[in-house]
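The values are calculated or read from the model by the stated rules, or taken from the named source; none is laboratory data. In this text the structure is predicted, and so the values were computed from the model without any measurement. In this analysis, Cβ positions are derived from the backbone assuming ideal geometry, glycine residues included, and neighbour counts consider all displayed protein chains.
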Amino acid sequence: MSRQQVTVQLGDRSYPVIVGAGVRVELNSVLPATARRAVIVTQQSIPIQVATDIPSTTVVIGEGEQNKTLSTIEHVVRAFAAAGLNRNDVVIGVGGGLVTDVAGYAAASWHRGTPVVHVSTSLVGMVDAAIGGKTGVNLPEGKNLVGAFWQPHAVLCDTDALATLPERELRCGYGEMAKYHFLTGDDLLAMDRTSRIARCVQIKADIVASDEREGGLRAVLNYGHTLGHALEISTGFEIAHGEAVAVGMIFAAHLAHVLGRIDDERVAYHQQVVAGAYGLSTALPRDCRADDLLALMQADKKALHGLTFVLDGANGVELVADVSTAAVTQALSRMEVR
């Protein structure tokens, strides 16, 4: 599989995203020229290791969403302090979406902004989490409620790491990858893996370039995420992010149908892609109560004007505000339960 490069176009803050087998060896070539030391943020389970030409220290963070917290940020930035990291140095996040979210937010906070480079090792990270500069951690009240927009200096998506992932981690990536089918209509399934990942990166890069701070268009990248985040929280993160997003996209299709935005054929196409092509479950967990899910969706960050969802329609996927609770309840009632 060939190496491919995409540029996220943000003027003097533009940066490369390099996709391919073994691209982690390019790390030194993408570090900031000002960096004299590095702190690598990673997890014990990450199978990929990196080497730098500058002195580096490694800080290990815990596994699982329960460790995506402010206390983890404190642990990381205190490691920065111990290493003598300054704002001209560099933070390197090596891992999946949790690592790059934590490393990115810690870098954004350290000295009010220190460069960060991501070496993404998960499919979720490669097609979504490591790219675009959204960083943050969770509170008990919701996912990613505390964070910052902080663009990386560069991103390396080393596809060698995908061979080490458990099947469930790959499914999580497929959940995020599936959404790009509905954002563009591209035949992603006709592409080899590296090309498909690179195309997803390009789609996201184009959206980020036009709406860096999620003032409008960028919200479409949250397709399936409103219910998805609610499912994660309501199950205590027993359902993983990509799995939850997969269910969320099917719910979004039903909701769009209830609102008269799409027809039966388009709902069926969602099922065909999410369940058929990617083999993902599209059913609600049996223990999730509709009232609880509704309350969590009302607390979503996008809910500035009543219940707000990213929904498909005649003009494509777009943000829709002031959705009635009756419509949401009806859409939930159409979902399969397992």
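Based on what the data block shows, is VAL39 closer than 17 Å to ALA205 by Cβ and touching a helix residue (DSSP H, G or I) at 6+ places or on another chain (Cβ under 8 Å)?
Working: closer than 17 Å to ALA205 by Cβ: no; touching a helix residue (DSSP H, G or I) at 6+ places or on another chain (Cβ under 8 Å): yes.
It is false that VAL39 is closer than 17 Å to ALA205 by Cβ and touching a helix residue (DSSP H, G or I) at 6+ places or on another chain (Cβ under 8 Å).
Filter the stretch 207-217 for residues that are part of a helix (DSSP H, G or I) and touching a strand residue (DSSP E or B) at 6+ places or on another chain (Cβ under 9 Å) and give the result.
Initial filter on the stretch 207-217 (part of a helix (DSSP H, G or I)): 207-210, 217.
Selection gives VAL208, ALA209, LEU217.
Hey, does the stretch 297-317 have a residue that's within 20 Å of MET177 (Cβ to Cβ), in contact with a strand residue (DSSP E or B) (Cβ under 9 Å, 6 or more places away or on another chain), among the charged types (D, E, K, R) and modelled with pLDDT of 95 or more? I'd like the intermediate steps shown before the answer.
Start the filter on the stretch 297-317 by keeping residues that are within 20 Å of MET177 (Cβ to Cβ), which leaves 310-312, 316-317.
Narrowing the set further to residues that are in contact with a strand residue (DSSP E or B) (Cβ under 9 Å, 6 or more places away or on another chain) leaves 310-312, 317.
This time we only want the ones that are among the charged types (D, E, K, R), so: 312.
Okay, now just the ones that are also modelled with pLDDT of 95 or more, so 312.
Taking every residue of the stretch 297-317 in turn, at least one turns out to be within 20 Å of MET177 (Cβ to Cβ), in contact with a strand residue (DSSP E or B) (Cβ under 9 Å, 6 or more places away or on another chain), among the charged types (D, E, K, R) and modelled with pLDDT of 95 or more.
Restricting the search to the stretch 27-57, which residues are surrounded by fewer than 20 Cβ atoms within 10 Å (Cβ to Cβ), among the hydroxyl-bearing types (Ser, Thr, Tyr) and under 18 Å from ALA108 (Cα atoms)?
THR34
Would you be able to tell me the number of residues in the stretch 225-259 that are closer than 23 Å to PRO140 by Cβ and either free of Cβ contacts under 8 Å to residues at least 60 places away in the same chain or part of a loop (DSSP other than H, G, I, E, B) (or both)?
The first filter runs over the stretch 225-259 and keeps only residues closer than 23 Å to PRO140 by Cβ, leaving 225-245, 247-248.
Subsequent filtering for residues that are either free of Cβ contacts under 8 Å to residues at least 60 places away in the same chain or part of a loop (DSSP other than H, G, I, E, B) (or both) retains 228, 235-240, 248.
Total meeting the criteria: 8.
Residues of the stretch 227-242 being of a type outside the set (Gly, Ala, Ser) and either in the same structural domain as ALA21 (by TED's automatic domain parsing) or at pLDDT 95 or above (or both), which ones?
Of everything in the stretch 227-242, those that are of a type outside the set (Gly, Ala, Ser) and either in the same structural domain as ALA21 (by TED's automatic domain parsing) or at pLDDT 95 or above (or both) turn out to be LEU227, LEU231.
When the stretch 183-192 is examined, which residues are found to be touching a residue at least 40 places away in the same chain (Cβ under 8 Å) and surrounded by 15 or more Cβ atoms within 10 Å (Cβ to Cβ)?
Here is the first cut: in the stretch 183-192, the residues touching a residue at least 40 places away in the same chain (Cβ under 8 Å) are 183, 189, 192.
Result: LEU183, single match.
For the stretch 42-92, how many residues meet the condition of being aliphatic (A, V, I, L, M), touching a strand residue (DSSP E or B) at 6+ places or on another chain (Cβ under 7 Å) and not in a loop (DSSP other than H, G, I, E, B)? Steps first, please.
Initial filter on the stretch 42-92 (aliphatic (A, V, I, L, M)): 46, 48, 50-51, 54, 59-61, 70, 73, 76-77, 79, 81-83, 85, 90-92.
Next, only the ones that are touching a strand residue (DSSP E or B) at 6+ places or on another chain (Cβ under 7 Å) stay: 46, 48, 50, 54, 59-61, 70, 73, 76, 79, 83, 85, 90-92.
Retained after the next criterion (residues that are not in a loop (DSSP other than H, G, I, E, B)): 59-61, 70, 73, 76, 79, 83, 90-92.
Count: 11.
Being surrounded by 23 or more Cβ atoms within 10 Å (Cβ to Cβ) and over 20 Å from GLY173 (Cβ atoms) narrows it down to one of VAL77, VAL137, VAL91, so name that one. Quick ask: steps written out before the conclusion?
Numbers: VAL77 fails: surrounded by 23 or more Cβ atoms within 10 Å (Cβ to Cβ); VAL137 fails: surrounded by 23 or more Cβ atoms within 10 Å (Cβ to Cβ).
After applying the criteria, what remains is VAL91.
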